[in-house]
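Single-structure report; data block below.
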Amino acid sequence: MIGEEFKLLEQGKLLPLMEEFYSIQGEGANAGKAAYFLRIGGCDVGCYWCDVKESWNPQFHPLTSVEQMISNTAKYPAKQVVITGGEPLIYNLDYLTALLHKESIKIFLETSGSHPFSGEFDWICLSPKKQMRPLSQYYQFAHELKIIIHDDSDFAWAEENAEKVNLECKLYLQPEWSQIENMLPKITNFIMENPKWMASMQIHKYMNIP
Ligand code: SF4
(Lines give C-alpha, C1' and ligand atoms only; values in the text may rest on other atoms or scores of the structure.)
Protein backbone atom coordinates (compact mmCIF):
# COMPACT_ATOMS: atom_id res chain seq x y z
CA MET A 1 0.00 0.00 0.00
CA ILE A 2 1.42 3.38 -0.93
CA GLY A 3 1.58 6.26 1.57
CA GLU A 4 -1.35 8.19 0.14
CA GLU A 5 -3.61 5.09 0.20
CA PHE A 6 -2.63 4.41 3.80
CA LYS A 7 -3.59 7.96 4.75
CA LEU A 8 -6.98 7.66 3.02
CA LEU A 9 -7.58 4.29 4.73
CA GLU A 10 -6.84 5.84 8.11
CA GLN A 11 -9.27 8.65 7.32
CA GLY A 12 -11.92 6.11 6.28
CA LYS A 13 -12.09 7.53 2.76
CA LEU A 14 -10.88 4.25 1.25
CA LEU A 15 -12.04 0.93 2.71
CA PRO A 16 -11.26 -2.69 1.72
CA LEU A 17 -14.56 -3.75 0.21
CA MET A 18 -15.06 -7.52 0.01
CA GLU A 19 -18.44 -7.39 -1.70
CA GLU A 20 -21.51 -5.22 -2.16
CA PHE A 21 -24.95 -6.37 -3.20
CA TYR A 22 -28.62 -5.55 -3.00
CA SER A 23 -30.65 -8.09 -1.02
CA ILE A 24 -32.91 -8.56 1.98
CA GLN A 25 -31.64 -8.39 5.54
CA GLY A 26 -32.11 -11.89 6.93
CA GLU A 27 -31.23 -11.42 10.58
CA GLY A 28 -32.42 -9.72 13.72
CA ALA A 29 -34.84 -6.85 14.13
CA ASN A 30 -34.59 -5.66 10.51
CA ALA A 31 -35.13 -9.10 8.97
CA GLY A 32 -37.26 -8.94 5.84
CA LYS A 33 -36.25 -5.41 4.82
CA ALA A 34 -34.57 -4.74 1.48
CA ALA A 35 -31.13 -3.18 1.87
CA TYR A 36 -27.83 -2.66 0.10
CA PHE A 37 -25.00 -4.57 1.77
CA LEU A 38 -21.45 -3.31 2.13
CA ARG A 39 -19.19 -6.07 3.39
CA ILE A 40 -15.94 -4.56 4.60
CA GLY A 41 -12.92 -6.91 4.62
CA GLY A 42 -10.75 -7.51 7.68
CA CYS A 43 -11.50 -9.29 10.94
CA ASP A 44 -9.24 -10.36 13.81
CA VAL A 45 -11.93 -11.90 16.03
CA GLY A 46 -11.36 -15.45 14.73
CA CYS A 47 -14.67 -17.29 15.31
CA TYR A 48 -13.85 -20.87 14.26
CA TRP A 49 -17.37 -21.35 12.86
CA CYS A 50 -17.23 -18.10 10.84
CA ASP A 51 -18.93 -18.49 7.45
CA VAL A 52 -17.06 -15.56 5.87
CA LYS A 53 -13.46 -16.50 6.68
CA GLU A 54 -12.46 -15.11 3.29
CA SER A 55 -13.22 -11.69 4.76
CA TRP A 56 -10.53 -11.94 7.42
CA ASN A 57 -7.48 -10.73 5.47
CA PRO A 58 -8.14 -7.15 4.32
CA GLN A 59 -5.32 -7.37 1.77
CA PHE A 60 -7.46 -9.66 -0.39
CA HIS A 61 -10.09 -6.95 -0.83
CA PRO A 62 -9.69 -3.90 -3.05
CA LEU A 63 -9.41 -0.51 -1.43
CA THR A 64 -12.57 1.21 -2.62
CA SER A 65 -13.52 4.84 -2.37
CA VAL A 66 -16.41 5.69 -0.10
CA GLU A 67 -17.85 7.89 -2.86
CA GLN A 68 -18.03 4.82 -5.14
CA MET A 69 -19.87 2.87 -2.41
CA ILE A 70 -22.37 5.69 -1.90
CA SER A 71 -23.03 6.00 -5.61
CA ASN A 72 -23.66 2.21 -5.90
CA THR A 73 -25.90 2.19 -2.83
CA ALA A 74 -27.97 5.11 -4.09
CA LYS A 75 -28.90 3.26 -7.32
CA TYR A 76 -31.35 1.00 -5.47
CA PRO A 77 -34.86 1.80 -4.27
CA ALA A 78 -34.37 0.77 -0.63
CA LYS A 79 -32.65 3.72 0.94
CA GLN A 80 -31.02 1.63 3.63
CA VAL A 81 -27.67 -0.05 3.89
CA VAL A 82 -26.25 -2.84 6.06
CA ILE A 83 -22.60 -2.31 6.93
CA THR A 84 -21.12 -5.67 7.82
CA GLY A 85 -17.89 -7.64 7.58
CA GLY A 86 -15.54 -8.90 8.65
CA GLU A 87 -15.46 -6.46 11.50
CA PRO A 88 -16.24 -3.07 9.95
CA LEU A 89 -15.22 -1.07 13.01
CA ILE A 90 -11.59 -2.00 12.52
CA TYR A 91 -11.84 1.15 10.38
CA ASN A 92 -12.96 4.67 11.01
CA LEU A 93 -16.52 4.81 9.66
CA ASP A 94 -17.15 8.52 10.32
CA TYR A 95 -16.71 9.53 6.69
CA LEU A 96 -18.74 6.68 5.18
CA THR A 97 -21.69 7.13 7.51
CA ALA A 98 -21.72 10.92 7.20
CA LEU A 99 -21.93 10.65 3.40
CA LEU A 100 -24.63 7.97 3.54
CA HIS A 101 -26.72 10.12 5.86
CA LYS A 102 -26.21 13.10 3.56
CA GLU A 103 -27.96 10.99 0.89
CA SER A 104 -30.75 10.20 3.41
CA ILE A 105 -29.77 6.53 3.48
CA LYS A 106 -30.48 4.70 6.75
CA ILE A 107 -27.55 2.73 8.15
CA PHE A 108 -27.72 -0.60 9.95
CA LEU A 109 -24.46 -1.82 11.51
CA GLU A 110 -23.40 -5.38 12.32
CA THR A 111 -20.47 -5.46 14.74
CA SER A 112 -18.79 -7.63 17.34
CA GLY A 113 -18.03 -4.46 19.32
CA SER A 114 -14.39 -5.46 19.68
CA HIS A 115 -12.90 -2.26 18.23
CA PRO A 116 -13.35 1.41 19.10
CA PHE A 117 -16.60 2.92 17.91
CA SER A 118 -16.85 5.43 15.07
CA GLY A 119 -19.62 6.59 12.74
CA GLU A 120 -23.31 7.39 13.10
CA PHE A 121 -25.88 4.64 12.71
CA ASP A 122 -29.65 4.26 12.73
CA TRP A 123 -29.46 0.72 14.05
CA ILE A 124 -26.61 -1.02 15.83
CA CYS A 125 -26.63 -4.80 16.09
CA LEU A 126 -24.06 -5.95 18.64
CA SER A 127 -23.05 -9.59 18.18
CA PRO A 128 -20.41 -10.21 20.85
CA LYS A 129 -17.88 -13.01 20.62
CA LYS A 130 -16.32 -14.72 23.64
CA GLN A 131 -12.75 -14.75 22.38
CA MET A 132 -12.65 -10.97 21.81
CA ARG A 133 -15.22 -9.37 24.06
CA PRO A 134 -16.96 -6.11 23.22
CA LEU A 135 -15.74 -2.79 24.57
CA SER A 136 -18.11 -1.71 27.33
CA GLN A 137 -19.35 1.37 25.43
CA TYR A 138 -21.28 -0.83 22.98
CA TYR A 139 -23.68 -2.10 25.62
CA GLN A 140 -24.97 1.43 26.20
CA PHE A 141 -26.03 2.15 22.65
CA ALA A 142 -26.74 -1.23 21.00
CA HIS A 143 -30.27 -1.39 19.63
CA GLU A 144 -30.06 -5.13 19.29
CA LEU A 145 -28.02 -7.87 20.96
CA LYS A 146 -27.60 -10.92 18.75
CA ILE A 147 -25.98 -14.00 20.25
CA ILE A 148 -24.94 -16.82 17.93
CA ILE A 149 -25.74 -20.16 19.55
CA HIS A 150 -23.19 -22.75 18.51
CA ASP A 151 -23.20 -24.92 21.64
CA ASP A 152 -24.80 -25.12 25.09
CA SER A 153 -22.31 -22.73 26.69
CA ASP A 154 -23.62 -19.92 24.49
CA PHE A 155 -26.84 -19.63 26.51
CA ALA A 156 -24.84 -18.52 29.57
CA TRP A 157 -22.88 -16.16 27.31
CA ALA A 158 -26.18 -14.73 26.09
CA GLU A 159 -27.43 -14.05 29.62
CA GLU A 160 -24.10 -12.53 30.64
CA ASN A 161 -24.38 -10.04 27.78
CA ALA A 162 -28.08 -9.37 28.32
CA GLU A 163 -27.29 -8.13 31.84
CA LYS A 164 -25.06 -5.41 30.39
CA VAL A 165 -27.20 -3.92 27.63
CA ASN A 166 -29.49 -0.90 27.93
CA LEU A 167 -33.17 -1.43 28.73
CA GLU A 168 -34.38 -0.72 25.17
CA CYS A 169 -32.08 -3.26 23.54
CA LYS A 170 -33.83 -6.13 21.75
CA LEU A 171 -32.47 -9.59 22.50
CA TYR A 172 -32.00 -12.25 19.82
CA LEU A 173 -30.67 -15.81 19.77
CA GLN A 174 -29.56 -17.07 16.38
CA PRO A 175 -28.52 -20.67 15.70
CA GLU A 176 -25.08 -21.05 14.15
CA TRP A 177 -25.96 -22.43 10.71
CA SER A 178 -23.87 -25.64 10.89
CA GLN A 179 -25.47 -26.54 14.25
CA ILE A 180 -29.04 -25.65 13.45
CA GLU A 181 -30.51 -29.15 13.79
CA ASN A 182 -28.95 -29.66 17.19
CA MET A 183 -29.40 -26.18 18.62
CA LEU A 184 -32.77 -25.04 17.25
CA PRO A 185 -34.88 -27.19 19.64
CA LYS A 186 -32.76 -25.92 22.55
CA ILE A 187 -33.18 -22.30 21.42
CA THR A 188 -36.93 -22.83 21.11
CA ASN A 189 -37.18 -24.16 24.67
CA PHE A 190 -34.87 -21.47 26.03
CA ILE A 191 -36.95 -18.67 24.50
CA MET A 192 -40.21 -20.14 25.76
CA GLU A 193 -38.71 -20.26 29.26
CA ASN A 194 -37.00 -16.88 28.94
CA PRO A 195 -39.36 -14.79 26.82
CA LYS A 196 -37.28 -11.63 26.87
CA TRP A 197 -35.35 -13.38 24.05
CA MET A 198 -36.51 -13.68 20.42
CA ALA A 199 -35.34 -15.98 17.61
CA SER A 200 -33.32 -14.72 14.64
CA MET A 201 -33.40 -17.25 11.84
CA GLN A 202 -31.21 -16.01 8.93
CA ILE A 203 -34.20 -15.97 6.60
CA HIS A 204 -31.99 -15.03 3.62
CA LYS A 205 -30.63 -18.59 3.70
CA TYR A 206 -34.15 -20.02 3.38
CA MET A 207 -34.89 -17.49 0.61
CA ASN A 208 -31.73 -18.53 -1.26
CA ILE A 209 -30.41 -15.00 -1.49
CA PRO A 210 -27.02 -13.61 -0.36
FE1 SF4 B 1 -16.41 -14.09 11.25
FE2 SF4 B 1 -17.89 -12.13 12.31
FE3 SF4 B 1 -16.50 -13.79 13.91
FE4 SF4 B 1 -15.22 -11.99 12.39
S5 SF4 B 1 -16.64 -11.56 14.08
S6 SF4 B 1 -14.66 -14.14 12.67
S7 SF4 B 1 -16.48 -11.99 10.54
S8 SF4 B 1 -18.23 -14.33 12.57
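Key figures for this structure:
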| read-out | value |
| --- | --- |
| Accessible surface of the chain, 1.4 Å probe, proportion on carbon and sulfur as whole % | 55 percent |
| Surface per residue (accessible, 1.4 Å probe) for region 1-104, Å² | 47 Å² |
| Alpha-carbon centroid distance for the pair region 3-38 / region 53-69, whole angstrom | 9 Å |
| Amide H contacts of Lys170 (H built 1.01 Å from N, under 5 Å, at least 5 apart or other chain) | Glu144, Leu145 |
| Charge dipole of region 155-210 about the Cα centre (unit charges at C-beta), most positive-ward option of Ile209, Asn166, Met198 | Ile209 |
| Whole-Å semi-axes of the ellipsoid equivalent to the chain (Cα gyration tensor, √5λ, descending) | 29, 18, 17 |
| Cleavage-rule hits, trypsin sites (Lys or Arg not before Pro), region 2-34, DSSP coil, Cβ neighbours within 10 Å at most 16 | Lys33 |
| Relative contact order [Cα under 8 Å, 6+ residues apart], region 79-206, whole percent | 17 percent |
| Most mobile of Gly12, Gly86, Gly41 in a GNM of the chain (Cα contacts under 10 Å) | Gly12 |
| Cα centroid of region 96-139 to Cα centroid of region 185-208, whole Å | 23 Å |
| Cleavage-rule hits, trypsin sites (Lys or Arg not before Pro), region 114-210, DSSP coil, Cβ neighbours within 10 Å at most 16 | Lys130, Lys164, Lys196 |
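The values are calculated or read from the model by the stated rules, or taken from the named source; none is laboratory data. Nothing here was measured: the structure is a model prediction, and the numbers come from that model. Please note: Cβ atoms are built from the backbone with ideal geometry, for glycine as well, and neighbour counts cover all protein chains shown. These area figures cover heavy atoms from the full protein model, side chains too; ligands, DNA and RNA do not enter into them. Shrake-Rupley method; radii C 1.70, N 1.55, O 1.52, S 1.80 Å.
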